[in-house]
1. What residues qualify as long-range amide H neighbours of Ile68, i.e. H under 5 Å apart, gap of 5 or more or another chain, H built at 1.01 Å from N?
2. Of Lys13/Lys65; Lys21/Lys65; Lys13/Lys61, which sit over 18 Å apart, Cα to Cα?
3. Treating the beta-carbon of each Lys and Arg as +1 and of each Asp and Glu as -1, no other charges, what is the dipole magnitude of segment 5-95 about its Cα centre, to the nearest 20 debye?
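What follows draws every value from the coordinates through simple rules; no lab data is involved. Not measured: the values here are computed from a predicted model. Every residue, glycine among them, receives a Cβ derived from its backbone with ideal geometry; neighbour counts consider all protein chains shown.
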Amino acid sequence: MFGTWYVTVWFGKGRRLYTYKTGDRSVDVNTVVLVPVGEAGEVKPAIVSGVYRLPPTDFPKNRIKTVICAAGTKDSMIFEGIDMRRLTAAWNTSEKPDRSSIRQQKKQKKAFQPYTLEEMMFYDDLFGD
């Protein structure tokens, strides 16, 4: 039914993931692939972090580049020992705020701060009271 699959890849720097399309069903998470990068289409290795059937909704389908092929052993060695499932899970948990900090923020918002005398005088002058 779905001839095109969409993959997110990571180039090994930063936390940004890029989306590409592929017709190769053998591509799975942790597969190292060769993809075109930039306007010139320079070929670079990247590791697959996710495989999806549906395209991303925030990017036009016709602008998504296509995976060239699975990488050979030479290019795959760059990502040796990296498990994208564990790395992505670590990224997702590090982005979640700590529950104790959320509680502290709620308490701080509820705390009532009375106006100082200078603020009260300023508002009296401003509104003519």
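1. Residues meeting the criterion, in which the H sits 1.01 Å from N, are Leu34, Val35.
2. Check vs 18 Å cut-off fails for Lys13/Lys65; Lys13/Lys61.
3. Charge dipole, segment 5-95, about its Cα centre: 180 debye, nearest 20.
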